[in-house]
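Contents: one structure, followed by commentary.
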Ligand SMILES: [Zn+2]
């Protein structure tokens, strides 16, 4: 009888432990879930970004070439598969051939607009990258890396309500002196120009052995575009521009707050050369920049 009693007490204790530990772990899980829900962090997918770079950097994408057009179509298809409508803006430009003749070439910008959560609010932020590259390169870092980040930003923010209208723009013809971005700005109405509150341009961010990505502004000072990057890592510094060129220059010249995230233009940077291939891409730099932009614009 006494043994039976002890057995019963033991069984009861075991059942109690199981039930209560189950309850404890259930409430713990609930607590974890609510913590995640309150601090939404959208993480970029390195594999998707690397796939984009692999596809784009399979070929040279010089201004006006068939391969530049193919790169455009690749980006357009992907962006449409994320549920966006796209707009095409074509432009032409005279270019010198190798035997110094003038040749008319054409290219195109790809524009994607995501309305703000208050649809009447037309204040816009542009997130952009150029997809062409220089003649002697396949441009993995310059600038398939930037394109992959803008595409990933568009994918992850598709259904996130945003205070600003977000415009994801992929420019052609940057290597000829920002032909695509200049064409875009020239065709803006003065009202539309006023409505653009910031430009975040991404150009050459992810080469192994290159510097950490910086935030470049023309003046080296903070502007409203920099303010928007509120989730930037502490060691992502602001630097006065040392880039030869990029699309944000034309916006800055039009008094629109603009920045460029990119690596320092020093002897270690292999852009505009045959060395700029996918083997030099550092996935962690892609992720750092993508997560910074995505989480800064997630409200
Ligand atoms: Zn570039």
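Some observations on this one:
- The angle between the Cα long axis of helix 66-81 and the main principal axis of the chain comes to about 30°, on a 0 to 90 degree scale.
- Cα centroid separation, region 186-239 to region 82-136: 18 Å.
- Length available on full extension from residue 77 to residue 58: 0.36 nm per residue minus the Cα-Cα distance, which gives 5.1 nm.
- As a calculated quantity, the FRET efficiency between residue 158 and residue 101 at R0 = 41 Å, using C-beta atoms, amounts to about 0.35.
- Cα long-axis angle, helix 146-157 against the chain (0 to 90 degrees, to the nearest 10): 40 degrees
- Angle between the chain longest axis and helix 46-56 axis [Cα atoms, degrees, rounded to 10]: 20 degrees
- Sorted peptide list for 249-258, 140-149, 115-124, criterion being average Cβ within 10 angstrom, highest first: 140-149, 249-258, 115-124
- The peptide list 128-134, 46-52, put in order of mean Cβ contacts within 10 Å with the highest first, becomes 128-134, 46-52.
- Full-stretch length increase - residue 66, residue 211 - with 0.36 nm per residue and alpha-carbon distance subtracted: 48.9 nm
- The simple spin-label model puts a point 7 Å past each Cα toward its Cβ; for residue 273 and residue 113 those points are separated by 4.3 nm.
- Taking every DSSP helix (H) stretch of at least 4 residues in the chain, weighting each as -39,500 (n - 2.57) and dividing the sum by the residue count yields a mean residue ellipticity at 222 nm of -12000 deg cm²/dmol.
- Shape call, the chain: gyration tensor on alpha carbons, a/c limit 1.5: prolate
- Shape class of region 101-159 from the alpha-carbon gyration tensor: oblate, with a/c at 1.5 or above and b/c at least as large as a/b.
- Annotation for residue 135 and residue 188: the two label points, set 7 Å from Cα along the Cα-Cβ direction, are 3.2 nm apart.
Values in this text are rule-based calculations from the coordinates and carry no lab data. Since the structure is predicted, the reported quantities are computational estimates derived from the model, not experimental observations. Neighbour counts are summed over all protein chains in view; Cβ atoms, including those assigned to glycine, are modelled from backbone coordinates with ideal geometry.
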